[in-house]
Amino acid sequence: MSPRKDPIRFFFGRVWSAFIACIILNPIPYPFVKPLLMMFSILIADDHSIVRHGVQHLLKSFLPSVVISEAETFKKALSLLEQQRFDLAILDIHIPGGDNVAMISKLQAKQADLKVLIFSSYEERLYAMTFMQAGADGYLSKDASNQEFERAVKTILANHKYVSQHVKEESLHQVMSSGGTYTPAIQSLSKREREIAQLLLTGKSTSEIAILLNVHISTVSTHKSNLFEKLHIQNMLQLSSLFKVNQRDESE
């Protein structure tokens, strides 16, 4: 006589068998299984070793099987992309050899399907949408919590875009107030405002600019005030950084 089967163990055994069969025969309806079984390859491109170490530690806390490579310069990041395939590049804006939106197209020229998360200390509201429009899949401040970092990485690996709630709300406000289109702040400058900004960046004073443009000093001051307000900046350092980041290669 065969031993009596435990009904609870028998029930869960049948459920488990059915679950495994579903995964093997039809894995598509179970997207939550894929991250558990898939090994991701991620490139961390940042010139600060302590940041690379911290990011690596965070990644391994929620992606135990992740394969990680590091680059301390943009040139090395490009070189690594020539040698192997990556699912995601976590990129700092202020990396030697980079510093502008042209980095995105250069990375994706090496690997067309590469996902890019900008991870930067640069202020989100000034830079996030600029990099998103340039082709990045996400933008995250280095001030973000560990939980938000995990959420950003998982969102992008699941083929979605990621920006913080604050950036979403500000972008929506801009779209609503401009009649349904989003225009990066730097592109909203008038021709005269852009001209004055460029002259300011060469070190010219308001009085020197007034002489060059044959206008009153108060006119230059008004344009300067307006462009600072449009760009949400307070000083020349921010103006210089913003124009540098938005610079694209002439060959593009």
So, in region 94-121, of the ones that are in a loop (DSSP other than H, G, I, E, B) and small (G, A, S), which residue ends up nearest to F243 (Cα to Cα)? G98
Quick one: is E124 crowded, with 16+ Cβ neighbours inside 10 Å, under 28 Å from F243 (Cα atoms) and more than 17 Å from the chain's Cα centre (by Cα)? no
Residue pairs within 7 Å by beta carbon, gap of at least six or interchain, first lying in region 46-70 and in the same structural domain as F86 (by TED's automatic domain parsing), second among the basic types (K, R), listed first then second, are D46/R52; V66/K60; E70/R52
Determine, yes or no, whether I90 is in contact (Cβ under 8 Å) with a residue 40 or more places away in the chain and in a loop (DSSP other than H, G, I, E, B). no
In region 161-196, the residues that are modelled with pLDDT of 65 or more, outside any helix (DSSP H, G or I) and exposed (fewer than 12 other Cβ atoms within 10 Å of the Cβ): none
Within region 209-221, can you find the residues that are surrounded by 14 or more Cβ atoms within 10 Å (Cβ to Cβ) and part of a helix (DSSP H, G or I)? I209, A210, L213, I217, T219, V220, S221
One residue is enough: does region 94-113 have a residue meeting the conditions touching a residue at least 40 places away in the same chain (Cβ under 8 Å) and touching a Gly at 6+ places or on another chain (Cβ under 9 Å)? yes
Test S41 against the stated conditions and say whether it is surrounded by fewer than 16 Cβ atoms within 10 Å (Cβ to Cβ), closer than 19 Å to D137 by Cα and at pLDDT 95 or above. yes
Could you check region 83-106 and list, in sequence order, the residues that are surrounded by 21 or more Cβ atoms within 10 Å (Cβ to Cβ) and over 13 Å from the mean Cα position of the chain (by Cα)? F86, I95, G98
Identify the residue in region 127-154 that is of a type in the set (S, T, Y) and outside any helix (DSSP H, G or I) and, among all such residues, is surrounded by the most Cβ atoms within 10 Å (Cβ to Cβ). Y139
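The values are calculated or read from the model by the stated rules, or taken from the named source; none is laboratory data. Small disclaimer: the values here were computed from a predicted structure and weren't measured. Note that each Cβ is placed from the backbone with ideal geometry, even for glycine, and that neighbours are counted across all protein chains shown.
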